[in-house]
Amino acid sequence: MTRWLPLTAVGVALFLVSGALVAGAAANDAQPEFKYRAYAPEITREEVPPTPTPVPLPVPYNGPVAALHLAAAKLDAAWPVEVRDTYFAGGREFFEDPSAPQKIAWYSRFGQPGYMGANSIFAAHIDYVGFGKGPFGYLTSASVGDALYLTMDNGTSYTYTVRSVAVVGLQDLDMDATVFPVLAAGVERVTLISCGGTFVPYPGGGGEYTSRVILVAERYVN
């Protein structure tokens with residue numbers, strides 16, 4: 001059974017061992033052996049530089065997203081953001097659609113803005129029958145290097161740099177890499193997803209796009 005000594009008992013024990021070493025050294029008129037410790041007799045305590053105390057980063061706000069702003073894609077606060085989740089059908093997991101054509105879905109379970117290593121995922125329609133262009137209708141107009149601004153509902157704002165805008169066929173879409181990317185330390189990502197490519201109508205109404213538009217933007221903190 002493991003037994004734990006109180007801190008005071010440990011301190012006393014160390015003191016006694018140290019005293020025994022010193023006493024033994026004096027009796028034998030010899031220096032103790034320093035096998036397992038560094039010994040620098042010419043450096044005084046005052047000359048040893050202090051260990052810097054790391055400055056902790058503030059804890060990011062853990063609340064709702066209020067708006068996305070990306071001028072090149074005509075994306076602004078006019079398009080409200082809502083929290084959505086996923087659902088299962090036929091043994092597969094799918095993102096829920098936005099509840100209305102003018103809304104942007106944020107899948108908060110996968111990532112919260114402001115947190116390093118997080119990937120915050122948003123999806124919206126490119127267009128909608130009877131509505132016209134949706135919130136992400138102009139994603140492909142954005143370019144690498146554009147600034148994407150994300151505003152939380154408490155006023156906190158984060159700035160991201162667009163790293164890629166790609167139209168990817170459904171057969172080539174790697175959802176694991178899109179949803180769970182491997183991010184370096186100090187990197188945070190925002191991923192915007194919409195439909196793209198060719199629209200294939202279904203008999204009797206509706207249809208499906210053959211591709212997805214994936215926009216990736218990142219924020220770096222040293």
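Within segment 168-222, take every residue that is charged (D, E, K, R) and surrounded by fewer than 16 Cβ atoms within 10 Å (Cβ to Cβ) and give me the one that is farthest from T140 (Cα to Cα).
Per the criteria, the residue is D176.
Which one is farthest from Y209 (Cα to Cα), of the residues in segment 115-139 that are assigned to a loop (DSSP other than H, G, I, E, B) and in contact with a strand residue (DSSP E or B) (Cβ under 6 Å, 6 or more places away or on another chain)?
M116
Does segment 98-129 hold any residues that are farther than 26 Å from N154 by Cα and charged (D, E, K, R), and which are they?
D127
Do we have G117 as in contact (Cβ under 8 Å) with a residue 60 or more places away in the chain, surrounded by fewer than 16 Cβ atoms within 10 Å (Cβ to Cβ), under 23 Å from L183 (Cβ atoms) and of a type outside the set (K, R) here?
yes
Rundown of residues vs (1) in contact with a strand residue (DSSP E or B) (Cβ under 9 Å, 6 or more places away or on another chain); (2) at negative phi, yes/no style:
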residue	(1), (2)
G155	yes, no
R163	yes, yes
L170	yes, yes
L173	yes, yes
P181	yes, yes
E188	yes, yes
I193	yes, yes
P201	yes, yes
G204	no, no
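Looking at T161, T191, which is the one that is in a strand (DSSP E or B), in contact with a helix residue (DSSP H, G or I) (Cβ under 7 Å, 6 or more places away or on another chain) and under 29 Å from M116 (Cα atoms)?
That would be T191, the only listed residue that is in a strand (DSSP E or B), in contact with a helix residue (DSSP H, G or I) (Cβ under 7 Å, 6 or more places away or on another chain) and under 29 Å from M116 (Cα atoms).
Give segment 145-160 a look and list any residue that's closer than 26 Å to G197 by Cα and surrounded by fewer than 12 Cβ atoms within 10 Å (Cβ to Cβ), or say none.
Answer for segment 145-160, where residues must be closer than 26 Å to G197 by Cα and surrounded by fewer than 12 Cβ atoms within 10 Å (Cβ to Cβ): just G145.
When residues of segment 67-99 are filtered for being in a loop (DSSP other than H, G, I, E, B), of a type in the set (A, V, I, L, M, F, W, C) and surrounded by 13 or more Cβ atoms within 10 Å (Cβ to Cβ), how many remain?
1
Filter segment 164-187 for residues that are part of a loop (DSSP other than H, G, I, E, B) and among the aliphatic types (A, V, I, L, M) and give the result.
Filtering segment 164-187 down to residues part of a loop (DSSP other than H, G, I, E, B) leaves 173-174, 180-186.
Across segment 164-187, the qualifying residues are L173, V182, L183, A184, A185.
Yes/no matrix, rows are residues, columns are (1) modelled with pLDDT under 95; (2) over 24 Å from D85 (Cβ atoms):
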{"position": "N119", "(1), (2)": "no, no"}
{"position": "I126", "(1), (2)": "no, no"}
{"position": "L173", "(1), (2)": "yes, no"}
{"position": "E188", "(1), (2)": "no, no"}
{"position": "G197", "(1), (2)": "yes, yes"}
{"position": "Y202", "(1), (2)": "yes, yes"}
{"position": "I214", "(1), (2)": "no, no"}
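The values are calculated or read from the model by the stated rules, or taken from the named source; none is laboratory data. Since we're looking at a predicted model, the values are computed, not measured. Heads up, the Cβs are rebuilt from the backbone with ideal geometry, glycines too, and the neighbour counts pull from every protein chain shown.
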